[in-house]
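So the structure is just underneath, and the comments pick up after that.
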Amino acid sequence: MFFPSCGLFNLRCNWFDLCYRVKNEQDASFPNNIKSSFDLSHYDIYVFNLCESYTNEDPDGNYELLQYPVFENCRVNTSEKIIEQNILLLPRQLENDTVLYITSFSHKNLYKDKGVFNCSEFKDTFFVEDTDFIFIGKKTKDHTLEFKDKSGKIARWYYQKDANSLKVNQVSLPISPSNPESPIRLSSAFSAQMIFYKEDFHLEYGKAAYPECFTDIKRPKPFKKVKNFKGKIDKIYLTDKHLFFMSKMNGFKEYYQFKDKRIRFDRSGQN
């Protein structure tokens with residue numbers, strides 16, 4: 001979404017009021033103070049979709065219409081309304097234990113007869129414009145993902161994994177570095193299972209290049225100079241104050257800048 005009050009034509013905002021601007025490699029102000037970088041070609045992408053359904057199936061296989069929605073895990077090619085899409089990037093190399101977890105906004109507005117992420121034109125794409133938060137953690141040998149904050153508190157996910165999926169069974173939330181909370185079994189707290197499916201996905205900047213997918217929502221017209229910016233994300237950079245998504249377009253590297261408030265847990269630079 002574009003807001004003229006942000007000033008410069010290449011400055012973009014969203015409802016979270018965190019702005020970022022598009023840069024390219026000719027901009028001398030980038031990069032500065034890089035702490036970490038992540039080449040996405042070294043990662044597999046696992047996708048967790050949350051769908052909305054107004055029907056429920058009873059034990060006898062009968063469907064009943066519901067007044068309020070039921071939220072459940074679903075696959076990318078579903079016909080149900082996908083209202084939230086989160087991705088988990090797992091390293092392919094054994095010597096790399098860093099994982100990236102990117103959450104999307106839970107969109108309030110759904111398109112007619114389909115969800116926010118159901119547009120067939122980009123069903124295999126996660127747009128960085130939809131990024132809510134990024135969690136940087138590590139994968140341990142005992143089927144655990146760990147996310148550490150700056151104070152040293154650690155949140156842990158306990159999972160089981162096969163060739164095509166990763167299911168989070170339990171989580172423990174940080175109280176203090178020396179006093180973690182007992183693991184919570186997710187099935188006791190949520191009706192939707194937290195299962196990430198391995199998908200042939202990629203990250204991209206340029207949602208505005210797909211106007212045919214937004215005909216059901218009234219949006220301000222984007223500025224002509226930015227509306228067609230579009231590119232597959234190849235790398236992610238983390239500096240002292242910002243997060244950058246990098247893509248290559250027309251032979252140049254383009255950088256899409258977010259404030260570091262996007263990062264909730266970050267183990268980079270820590271043991």
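Of the residues making up segment 145-166, those that are over 15 Å from residue 87 (Cβ atoms), surrounded by 16 or more Cβ atoms within 10 Å (Cβ to Cβ) and of a type outside the set (Phe, Trp, Tyr) are 146, 148, 149, 153, 154, 155, 156.
The strands (runs of 3 or more DSSP E) located wholly in segment 199-271 that include 2 or more residues which are modelled with pLDDT of 65 or more and within 19 Å of residue 148 (Cα to Cα) occupy 231-239, 242-249, 263-266. Tell me which residues, restricted to segment 183-198, are in contact with a strand residue (DSSP E or B) (Cβ under 8 Å, 6 or more places away or on another chain), open to solvent by 50 Å² or more (accessible area, probe 1.4 Å) and in a loop (DSSP other than H, G, I, E, B). 183, 191, 193 - these are the residues of segment 183-198 that are in contact with a strand residue (DSSP E or B) (Cβ under 8 Å, 6 or more places away or on another chain), open to solvent by 50 Å² or more (accessible area, probe 1.4 Å) and in a loop (DSSP other than H, G, I, E, B). Scanning segment 126-137 for residues that are buried (at least 18 other Cβ atoms within 10 Å of the Cβ) and assigned to a strand (DSSP E or B) turns up 126, 127, 131, 134, 135, 136, 137.
I'm trying to understand the selection: among the residues of segment 67-97, which are in contact with a helix residue (DSSP H, G or I) (Cβ under 8 Å, 6 or more places away or on another chain) and either surrounded by 14 or more Cβ atoms within 10 Å (Cβ to Cβ) or closer than 15 Å to residue 130 by Cβ (or both)?
The answer is 85, 89, 91, 96.
Residues in segment 156-174 that are out of contact with any Ser or Thr (no Cβ under 7 Å at 6 or more places or on another chain) and under 14 Å from residue 265 (Cα atoms) were compared, and the one that is modelled with the lowest pLDDT is 174.
Within segment 47-66, take every residue that is open to solvent by 30 Å² or more (accessible area, probe 1.4 Å) and of a type in the set (A, V, I, L, M, F, W, C) and give me the one that is nearest to residue 166 (Cα to Cα). Filtering first and then ranking leaves 50. With respect to the conditions (1) assigned to a strand (DSSP E or B); (2) within 16 Å of residue 119 (Cα to Cα), residue 76 falls short on a single one, namely (1).
Within segment 114-136, residues that are within 13 Å of residue 82 (Cα to Cα) sit with their Cβ atoms under 6 Å from residues that are open to solvent by less than 10 Å² (accessible area, probe 1.4 Å) and at pLDDT below 85, at 6+ positions apart or across chains, in these pairs: 115/82; 117/82; 118/82; 119/213.
May I ask you to say which residue of 126, 117, 133, 122 is among the aromatic types (Phe, Trp, Tyr) and under 19 Å from residue 92 (Cβ atoms)? None of the other options fit; the residue is 126.
The values are calculated or read from the model by the stated rules, or taken from the named source; none is laboratory data. Predicted model, so just to flag it, every value in this text is computed and none were measured. Quick reminder, even Gly has a Cβ in these numbers, built from the backbone with ideal geometry, and neighbours come from all protein chains shown. Surface accessibility is based on the protein's heavy atoms, side chains included, excluding ligands, DNA and RNA. Shrake-Rupley method; radii C 1.70, N 1.55, O 1.52, S 1.80 Å.
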